[in-house]
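K.L.:
Take a look at this one; I'll ask things after.
Throughout, read-outs are computed from the coordinates displayed, never taken from laboratory work. All of these numbers come straight from a predicted model, not from anything done at the bench. Cβ coordinates were reconstructed from backbone atoms using ideal geometry, including for glycine residues, and neighbour counts include every protein chain displayed.
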Amino acid sequence: MINNHWFVSNLNNFKDQLALVHEDNEYKYDEILNKVAEYDKEIEKKIINGSVVAVISDYSFQSISIFLSLLKKNCIIVPITSKVDEEQKLRIDESNTEVIIKFENTGNLLITFNDTKINSENNLINDLRNKEAAGLILFSSGSTGTPKAMLQNLENLCDVHKHKRPKSIVMMIFLMFDHIGGINTLLGLLMVGGVMVIPSNRDPNHVAELIQNYKVKVLPASPTFLNLLLMSDAHKKYDLSSLRMITYGTEAMPESLLLKLRNTFKRAKLLQTFGTSETGIAQMRSKSSESTFMKFDDPNLEYKIVDRKLYLRSATQISGYLNASMESFDNDGWFDTGDLAEEADDGYIKIIGRSKEIINVGGEKVLPNEVETIILEMDDVADCIVYAKSNQIMGQSVNADVVMNLDISNREARKLIKEYCSEKLEPYKIPSSVNVVKETNFSSRFKKMRIDKDVDNS
């Protein structure tokens, strides 16, 4: 049976308002509600309440509508954005998926059942079903390469937004459908009756064109993508003056890049966000648009810093991993984020890097973000990434891949960078090798990938 759900019912307050834009199509809130009602009838016949349902899609009118329909049916939703069959199968298996939903070109549902599901019972899933609550399964990378399947109580994530008031806001949906930040953005916008602008791809020029055409006010993105936006000159080709806020997270922001963004987007406030898949997205306050210091301003979350490691405990943290131990949580519920942070006397903190990315040069610790910040100050450098390589004498060495604004060799680039860094960094922090590249190594989620496969940072 399909239940009413307060979150979906709230959309009736915005029936005549524009809800989302995707692939040159515009949809109002009443069109979403109609599509939800259509899907309700279809899944009522085929899907049992509380089923684990994988939705193979990124954001779209159809995927958002089925997400809401499954929420009403107290299903446990597994968003999967990968287009690789092997990757899809791995996530389906690790999440105990029972039902698989894809979309035909017509937008119609294609519902199949996972006949190969091995583990039919899971205590965490059963506990959530007994509460008659909807769930969400997201993934984080495990040390073995097998993704860790994390079970969230979706009702808790909805409740965070329960008392928000209607707001006229046009926001880019940049983070993906299977990302905790993306889900948080989706829920927040739906609750206030905002407009979601969904890019068909995450090319800087395409994103900039959408900002121009739909007068987007808020752009959430990673520092890596924001630098690509600058490098592409998209901000010069398109009118981005509608932007009033740019939020950034998922990785440490180089201070020199933040300054470039501040000088480029003078009318926009730059706000750092923070969260993890395990603990949810925290409410944050940046010290200023020029500062990488931020403060947790969230009644549902606690933090502590021990030996520069950041630990979180929240009301929205996961019920547990379906396929992995809970060793990253201690007995008191504190989660080791893997992030390194420093705290100022006024209570503001700054993320300075990831513990697994620290470069150990003969016993001296180097933070890649510190070195990147210095290198990115150089006018001749468009982008860079700093990472460790194995070294027989020192254990590890500091290395940099750089995108240059000059046509020069590796040797010439190293000389320029060494000369500049020698006045600002200790000698052991200066890159021992420099490679000129066309683009730095980053993931499909626009996060820099600093881990060299030959380096053990465990």
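K.L.:
Among Leu11, Leu230, Asn96, pick out the residue whose Cα is farthest towards the positive end of the charge dipole of the chain, where Lys and Arg carry +1 and Asp and Glu carry -1 on C-beta, about the Cα centre.
P.N.:
Farthest towards the positive end: Leu11.
K.L.:
Ok, one more. To the nearest 10 degrees, how steep is helix 29-46 against the longest Cα principal axis of the chain, on a 0 to 90 scale?
P.N.:
Approximately 70 degrees, to the nearest 10.
K.L.:
Can you pull the one-decimal nm distance between simple spin-label points at Gln17 and Lys418, each 7 Å off the Cα toward Cβ?
P.N.:
5.9
K.L.:
Right, something else. Counting helices only, and only those DSSP H runs with n ≥ 4, report the 222 nm mean residue ellipticity of the chain as the sum of -39,500 (n - 2.57) divided by its residues, in deg cm²/dmol to the nearest 500. Could the numbers behind the result be given before it?
P.N.:
Values: 13 runs with 125 residues, N = 458.
The helix-only estimate for the chain comes to -8000 deg cm²/dmol at 222 nm.
K.L.:
Longest exposed-loop-site-free stretch of the chain, with GluC sites (Glu not before Pro), DSSP loop and at most 11 other Cβ within 10 Å? Could you put the intermediate results ahead of the total?
P.N.:
Values: sites that count: Glu23, Glu104, Glu121, Glu132, Glu327, Glu423.
Longest site-free region, per DSSP loop and neighbour criteria: 133-326.
K.L.:
Just to compare against my own numbers: the Cα pair-distance distribution for the chain, 10 Å bins, whole % per bin, please.
P.N.:
4, 19, 29, 27, 15, 5, 1
K.L.:
When the Cα centres of segment 339-386 and segment 1-65 are compared, how far apart do they sit, in Å?
P.N.:
42
K.L.:
Something else now. Of the DSSP beta bridges with both residues in the chain, give the percent that are antiparallel, rounding to the nearest 5.
P.N.:
Counting DSSP beta bridges with both partners in the chain, the antiparallel share is about 65 percent.
K.L.:
Another question, then. Filter Lys365/Lys429; Lys418/Lys447; Lys260/Lys415; Lys356/Lys429 down to the pairs with a C-alpha to C-alpha distance above 20 Å, please.
P.N.:
The pairs that break the limit, which is 20 Å between Cα atoms, are Lys418/Lys447; Lys260/Lys415.
K.L.:
Tell me which lysines have Cα within less than 18 Å of Lys41's Cα, excluding those fewer than 8 residues away on the same chain?
P.N.:
Lys72, Lys73, Lys102
K.L.:
Treating the angle as unsigned and between 0 and 90°, give the value, to the nearest 10°, between the Cα long axis of helix 255-264 and the longest Cα principal axis of the chain.
P.N.:
70
K.L.:
In degrees from 0 to 90, rounded to the nearest 10, what is the angle of the helix 180-192 Cα long axis to the longest principal axis of the chain?
P.N.:
Helix 180-192 and the main axis of the chain meet at about 50 degrees.
K.L.:
List the pair-distance distribution P(r) of segment 6-154, using every Cα-Cα distance, as the percent of pairs falling in each 10 Å bin from 0 up to the bin containing the longest distance, rounded to whole percents.
P.N.:
Per 10 Å bin, starting at 0, the Cα pair percentages come out as 11, 40, 35, 13, 1.
K.L.:
So, counting K/R as plus one and D/E as minus one, what does the shell of residues with Cβ under 14 Å around Ser60 add up to?
P.N.:
Neighbour charge sum, excluding Ser60 itself: -4.
K.L.:
Here is a further query. Would you give the gap between the C-alpha center of segment 188-242 and the C-alpha center of segment 275-321, rounded to a whole Å?
P.N.:
25
K.L.:
Tell me, Kirkwood radius of segment 1-57 from alpha-carbon pair distances, in Å? If you can, show how the numbers build up before the last one.
P.N.:
Numbers: mean 1/r = 0.0770 Å⁻¹.
It works out to 13.0 Å.
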